[in-house]
Amino acid sequence: MESFSPKLHLPILIFGVAAPFVIPGVTIQIAVLWVMVLFALTWDILGGQMGYNSLGNILFFGSGMYISAVVQVSMFADVAEYTASSGAVDFKYTDAQYFWGLGLGVIAAGIGSAVLAAAIGWTMFGLRGPYFAIGTLGIALTAGELMGTWSWVGAGGGLAMPVFPGSADGKSMMFYFLCFFAAIATYLFCSWLYSTRFGLAINAIRDDEQKAEAMGIHTLRYKTIAWSAAAFFLGISGALFGNITGFVEPLEVAFPVATFGIFMVAMSLLGGKGTLWGPILGAILFHFLKEFTWTYFLGWQWVALGVLIIVNVVFFQQGIMGWLMDKFPERFGIVVDKKEAAE
Amino acid sequence: MNTKRLLTAVSASLAVAGLALAGPAQAKVEGDTIILGSAISFTGKYSTNGIHAKNGYDLGVKRINEMGGVKVGGKSYKLKVQYYDDESTPLRTAQLLERLVNQDGVKYFLGPYSSATTKAAAPIMEKYKVPMVEAEGASRSLFNKGYKYLFAVLSTSEQYLASTISLAAEVAEKNGKKPSDVKIAMAFENDPFSLDVRAGVLEDAKKFNMKVVIDDKMPRDLNDISSTLTKVKALKPDVLLLSGHSKGAATAARQIKEMKIDTPMIAVTHCEAAKIVAKFGASTNGYLCPTQWAETLSYKGKYFGSAADYDKTFKKTYDGYKNVPYQAAQASASVLVWKEAFEKANSFDTDKVRDAIASIEFETFYGPIKFAPEGNNLGKPMVLRQIQKGAFNVVAPSKYASHPLAWPRKPEE
Amino acid sequence: MWDNISILTAAPVFNIQLILDGLFIGATFALAAYGLALVWGVMNVKNLAQGDFVITGGYIAWWLGKQGIHPLWGMPISIVVMFGFGWLVYITIIRRVIDKDLFTSLLATFGLAIVMAQALNLMFGPEVQTAESDYAVRSYFNNSVTVADIKLIAFALCGVLAVVVVLFMKNSRMGQAIRATAQDPRAARVMGIDTDKVYAFTYALNAAICGAAGALISMIWVIQPFYGIGHAIRAFVIVTAAGFGNLPGVILAGLGLGVMEQYGGFVLGAEFQQATVVGLLVAVLIWRQIEMRRHRQVVQ
């Protein structure tokens, strides 16, 4: 592992910093790419490293989006009034109000989502295997439905975000770098986390939860902390995405369970779950594939996506990283006994 | 593979990938073709109407090109539309429009289908200062935000069912009842468009002091409203109002038939698009259907002739339409706005074209077009049609009415 | 909310309407859930494409209806076609995930669900469709309660199908082989049962049951290419609540879910009807988990 990742650091960093200047036309698309990387990395904390496959992590994306929206609006206007008028009353935000609101909104989104994860984790982590997957899927779907009935946040009509005060390119540029930094922060966090005792503990939970418990690992605490960490970053990505889209709405923007919610799983699997770089490579490849089919196979993009998922899990379950590890084990610091392998 | 080779390989592949994403940057005007951009719903829940709208755009473009195209600076240009599929989700709209602006270099836009997606589109138009003429986003909230680059040829959504309320008041007075005795039941889909329709209804109901006895919101994945209809049976309202795009209309029509709902006045949006007459026959008799446009109206313009002419042309061009949905008609009308605006501005400069659109005033088969400073069309009213023996007849407002209102509704006529 | 409850107490006759509607639709839920319980119990596959099998069955009946074949006759055709389709899916996909970890089957069938929904959309368009039986509608209690004949027929057919499947499982050779494989696949193999064929048959049987349920749903409700996920979730709610291998439980839970949806929509408002279903799923899971925790403590 160690011999593989540093070589990718520099080119990706260069690409990330240079992209909006070199190819400014696709700034937002690459910003979405970083969000996808973040999605895959956070999903893998549970799905890959801890063996808890969640289908409902999108919940924290949505909660982050709503928390930041409410914070941003409520700082300088009454939320109920703001949503009820659907923008008829013109709330003009000054630059300072906007940026303070955004900053606090993003932080609140992260913390709020982490707290939510801790609260839900207490009940959800009793579920094992597929029950956990179905249960989390149910929670994410319920959240979308319930937000749609809550008129304080605009119900099904949605909520328009405060408008960015600067220029168009300024907005793209700012949110691009915020997304980029969020993805880098997630990567650094994950790579640190997996190198600590904590990482070993969640791996132990994945490998055999009963034994881990028997060894004195307080499994519920570890599981809850891991999920909260994932939710923290997801909440931030939701806050940023809400501001990029400019319009928050419960079913399709905030809780897109069947699209983003599944993408994060598909990306981790494609790259190879349970590795640090797998989800990243998976996200990059997936995003390019997606943009490609969207442009050239209009109407068939969903068929292509479904087939990709099937082929991936049926024939290529180890993912890209797993395949590379099989192919070039020595590059990952795995010593293969030649004699034994030959036998 | 050593470090250096790996590094070069990675950066090279990233560069290639970046180029692949970027694609060829087209100009807004290519040779003798003007490119209009649109991200519209080919898949997902809005795709029925998204495709109606696309057919409308294509017919408008075809007609203008047949009539010699658009003349700017003494030269003739053809129109062409570049489409992307927004999958009926506002989440995609913003991304696709960014893409149309930045990668494809498109500077002139036609709208998406639905208010939700148009809400996502408007800020992008403002951001890049490129005009959009839209035909399918009716939510009132689109026109009170001070957007400068958004123009809509259609009437705003709070007008959809509001006229039903005054009609109900008239009927009540005729029968010797007070309008304030009228009981209203309503079920609206939980989305920006229908909630706006609801707001318009509530406002008008308040004016007459009517009582709202049922106020349900239908979920988006709607496949059953029988529980709401059971409430209707229990409370016996005088008016039943329903709005939920095509699938709401189809589901409602089916269950109203099956549960023998006998409310004397029923109004449903999107009757035509949902093809409820063909599907549910006589049981839909007497439904009131608000429409942006009808082929029986007396509008006339130089591109398609009269409304009836447009109806004929459309049916000839596209198979399988029994009624021409107004979604298609208004889409064609928005293409006409572009032609007029380019010729009026006599330029491709987006700001000049934008100003031309803002000051435009002309007659079309779809009705008069003249934009308010907020971007909505002031010229054209909403009309209310009633299904009478399988035909859609205009019954209100009285200026356009071709038939009297049949009240109470007789389902099995 | 209280207003709505007071309607029900003041005029109890409307309870009959809600309960009847709930039972009629609940019967089709139970049917689809029984199919899920079968594949889950026998081959340990969590079929997320369950709902899309149902919708596909509905489209087959609807399409045949358009060709002039009455949808009730379309139903047996739908059963046969879906049986073949299920077999095909087993050979191409399910066979390869059956011995992998549990999450794999969930995700593979989710991919299948996406492909199926989109294929239906490309073939038939996204409009809401209904297969018309053109049977009469009866009114009772001064039109307060209406019952469409087709709903009664569909209800009866659900019962007949359930009985047929149960008899088949009890008495036929294949039924016995399926039950043997469910109990212990290795022992079954030792005894000379071709478990691969048993699995293929089980999966195909499930698809056929879904085809029947879908055909009935197209006649009494509405279908649309993307409605599959809702039916899949309902099936999961029912099976997790009842447990597999518990046919009376599945039937009861199915009917109960149908009635509960109706009451949820009536009392809380239609906007909560969908939320009721997914909320119940979460509630059922949490309830089972608390049960399990108690059980674990007893063991300790």
(request) Sort out which residues of the range B:349-392 are without any contact (Cβ under 8 Å) to a residue 12 or more places away in the chain, hydrophobic (A, V, I, L, M, F, W, C) and not in a loop (DSSP other than H, G, I, E, B), and write them in order of number. (result) B:ALA391
(message) Take the residues in the range B:293-330 that are part of a loop (DSSP other than H, G, I, E, B) and aliphatic (A, V, I, L, M); name whichever of them is surrounded by the fewest Cβ atoms within 10 Å (Cβ to Cβ).
(response) B:LEU297
(request) Please list, ordered by first then second residue, the pairs with beta carbon atoms under 7 Å, 6 or more apart or interchain, first in the range B:88-102 and facing chain A (nearest Cβ under 7 Å), second charged (D, E, K, R). (result) B:THR89/A:GLU252; B:PRO90/A:GLU249; B:PRO90/A:GLU252; B:PRO90/B:LYS119; B:LEU91/A:GLU252
(message) I'd like to know if the range B:258-265 contains one or more residues that are within 9 Å of chain C (Cβ to nearest Cβ), touching a helix residue (DSSP H, G or I) at 6+ places or on another chain (Cβ under 7 Å) and surrounded by 24 or more Cβ atoms within 10 Å (Cβ to Cβ).
(response) no
(message) So C:LYS100 ticks every box in (1) surrounded by fewer than 24 Cβ atoms within 10 Å (Cβ to Cβ); (2) modelled with pLDDT under 90; (3) part of a helix (DSSP H, G or I) but one. Which box is left unticked?
(response) (3)
(message) So in the range B:132-154, with the set limited to residues that are over 9 Å from the mean Cα position of the chain (by Cα), part of a loop (DSSP other than H, G, I, E, B) and at pLDDT 90 or above, which one is surrounded by the fewest Cβ atoms within 10 Å (Cβ to Cβ)?
(response) B:TYR149
(request) Looking only at the range B:206-241, count how many residues are touching a residue at least 40 places away in the same chain (Cβ under 8 Å), facing another protein chain (nearest Cβ under 8 Å) and more than 23 Å from the chain's Cα centre (by Cα). (result) 3
(request) Considering only residues that are outside any strand (DSSP E or B) and closer than 24 Å to B:ALA135 by Cβ, look in the range B:257-271 and name the one that is modelled with the highest pLDDT. (result) B:THR269
(request) Would you kindly identify the helices (runs of 4 or more DSSP H) lying entirely within the range C:184-271 that contain at least 2 residues that are within 30 Å of B:THR89 (Cα to Cα) and in contact (Cβ under 8 Å) with a residue 24 or more places away in the chain? (result) C:195-220, C:228-242, C:247-268
(message) Pairs needed: first member in the range B:294-319, farther than 13 Å from B:LEU59 by Cβ; second member anywhere, in a loop (DSSP other than H, G, I, E, B) and among the small types (Gly, Ala, Ser); C-beta distance under 8 Å; at least 6 residues apart or different chains.
(response) B:THR296/B:SER402; B:SER306/B:SER298; B:ALA307/B:ALA294; B:ALA307/B:SER298
(request) Scan the range B:58-113 residue by residue and report those that are in a helix (DSSP H, G or I) and of a type in the set (Asp, Glu). (result) B:ASP58, B:GLU66, B:GLU98
(request) For A:LEU270, indicate whether it is more than 11 Å from chain C (Cβ to nearest Cβ) and either closer than 26 Å to A:CYS190 by Cβ or surrounded by fewer than 20 Cβ atoms within 10 Å (Cβ to Cβ) (or both). (result) yes
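Per-residue answers, yes or no, for (1) buried (at least 21 other Cβ atoms within 10 Å of the Cβ); (2) more than 14 Å from chain A (Cβ to nearest Cβ); (3) not in a loop (DSSP other than H, G, I, E, B):
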residue: C:GLY111; (1), (2), (3): yes, no, yes
residue: C:ALA117; (1), (2), (3): yes, no, yes
residue: C:ARG138; (1), (2), (3): no, yes, yes
residue: C:ASN142; (1), (2), (3): no, yes, no
residue: C:ILE150; (1), (2), (3): yes, yes, yes
(message) Let me spell it out: the conditions are (1) touching a residue at least 40 places away in the same chain (Cβ under 8 Å); (2) at negative phi; (3) touching a strand residue (DSSP E or B) at 6+ places or on another chain (Cβ under 8 Å); (4) not small (Gly, Ala, Ser), and B:ASN346 meets all of them except one. Which number is the exception?
(response) (2)
(message) When you scan the range B:183-205, do you find a residue that is over 26 Å from the mean Cα position of the chain (by Cα) and either at the interface with chain A (Cβ under 10 Å from one of its Cβ atoms) or without any contact (Cβ under 8 Å) to a residue 24 or more places away in the chain (or both), even just one?
(response) no
(request) Evaluate the range B:403-412: report whether one residue or more is of a type in the set (Asp, Glu), under 30 Å from B:ALA278 (Cα atoms) and in a loop (DSSP other than H, G, I, E, B). (result) yes
(message) Tell me yes or no: at least one residue of the range B:272-281 is in contact with a strand residue (DSSP E or B) (Cβ under 7 Å, 6 or more places away or on another chain), at pLDDT 90 or above and more than 10 Å from chain C (Cβ to nearest Cβ).
(response) no
(request) Output yes when any residue across the range A:228-249 is farther than 30 Å from A:GLY156 by Cβ, away from every other protein chain (no Cβ under 11 Å) and surrounded by 17 or more Cβ atoms within 10 Å (Cβ to Cβ), and no when none is. (result) yes
(message) Conditions first: (1) at pLDDT 85 or above; (2) buried (at least 19 other Cβ atoms within 10 Å of the Cβ). A:LEU305 passes all but one, so which condition is the exception?
(response) (1)
(message) Here is a check on your reading of the model: is C:THR56 at pLDDT 95 or above, more than 20 Å from C:GLY258 (Cα to Cα) and either assigned to a helix (DSSP H, G or I) or under 11 Å from the mean Cα position of the chain (by Cα) (or both)?
(response) yes
(request) Just one of (1) of a type in the set (Gly, Ala, Ser); (2) more than 14 Å from chain B (Cβ to nearest Cβ); (3) exposed (fewer than 15 other Cβ atoms within 10 Å of the Cβ) trips up A:GLY110, so point out which. (result) (3)
(request) Return yes when B:THR164 is more than 30 Å from B:LEU235 (Cα to Cα) and either of a type in the set (Val, Ile, Thr) or not assigned by TED's automatic domain parsing to the domain that holds B:VAL268 (or both) and no when it is not. (result) no
(message) Condition first: at pLDDT 85 or above, within 8 Å of another protein chain (Cβ to nearest Cβ) and buried (at least 24 other Cβ atoms within 10 Å of the Cβ). Now tell me which residues in the range A:250-259 satisfy that.
(response) A:VAL253
(message) I need the full set of residues from the range B:43-57 which are touching a strand residue (DSSP E or B) at 6+ places or on another chain (Cβ under 7 Å) and farther than 15 Å from B:ALA273 by Cα, in order please.
(response) B:THR43, B:TYR57
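When the range C:172-183 is examined, which residues are found to be assigned to a helix (DSSP H, G or I) and either in contact with an Asp or Glu (Cβ under 9 Å, 6 or more places away or on another chain) or more than 20 Å from C:PHE244 (Cα to Cα) (or both)?
Scanning the range C:172-183 gives C:ARG173, C:ALA177.
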(message) Can you find, within the range A:10-32, the residue that is surrounded by the fewest Cβ atoms within 10 Å (Cβ to Cβ) among those that are within 7 Å of chain B (Cβ to nearest Cβ) and within 19 Å of the chain's Cα centre (by Cα)?
(response) A:VAL32
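The values are calculated or read from the model by the stated rules, or taken from the named source; none is laboratory data. Fair warning: this is a prediction, and the values are worked out from it, not measured in the lab. Counting neighbours? That spans all protein chains shown, and the Cβs are built from the backbone with ideal geometry, glycine included.
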